[in-house]
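Asker: If you scroll down you'll find the structure; I have some questions about it.
None of the figures in this text is laboratory data; all of them are computed from the coordinates on show. Keep in mind that what you see is a predicted model, and the values were worked out from it rather than measured. Positions of Cβ are backbone-derived with ideal geometry, glycine not excepted, and every protein chain shown enters the neighbour counts.
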Amino acid sequence: MKTAIIVFVLWLWVAIPPCFPEWFDGEVSKVDARAQELIITEQDPITEDEEATVISILSTTKFSGVKSLKEIKTGDEVSVEVSYDELSDSWQAISVEVAGAGA
């Protein structure tokens, strides 16, 4: 019985990938209010290449420093907490913080 439980737990661990939040920090290169998307560019610390990431903004996304996506501008420095949604193959924002907002 113990072996069956261990095998089952290991199978779950392999079959269901963890969905832990990740963070993207970078500069906003584009805000698409119609598609509810934010495109952030950040520098890869290893290759030093700039990488662009498209992040979907949801109705449940929390904002800090601004009230909504409408207030975010190209060039703003942001930190975005995201989770990856496999069904839509997209990064989805849990929270967006605009650096220096209100300063």
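Asker: Note down the nm distance, to one decimal, between modelled labels 7 Å out along Cα→Cβ at Leu58 and at Thr41.
Answerer: A separation of 2.9 nm, rounded to one decimal place.
Asker: In whole Hz, with x marking every Gly and Pro, tabulate ³J(HN,Hα) for region 72-78 from phi via Karplus 6.51 cos²θ - 1.76 cosθ + 1.60, θ = phi - 60°.
Answerer: Here the 3J(HN,Hα) series is 7, 10, 4, x, 5, 8, 10 Hz.
Asker: Quote the FRET efficiency, to the nearest 0.05, computed for Lys73 versus Glu50 with a Förster distance R0 of 22 Å and r equal to the Cβ-Cβ distance.
Answerer: It comes out at approximately 0.70.
Asker: Taking H placed 1.01 Å from N in the peptide plane, check which residues at least 5 places from Ser90 or on another chain put their amide H under 5 Å from its amide H.
Answerer: Here the answer is Asp85, since their amide H atoms fall under 5 Å of that of Ser90.
Asker: By per-residue mean of other Cβ atoms within 10 Å, what is the highest-first order of 49-60, 29-40?
Answerer: 29-40, 49-60
Asker: Measure off 7 Å from each Cα along the Cα-to-Cβ vector at Arg34 and Lys2, then give the distance between these two points in nanometres to one decimal.
Answerer: 6.3
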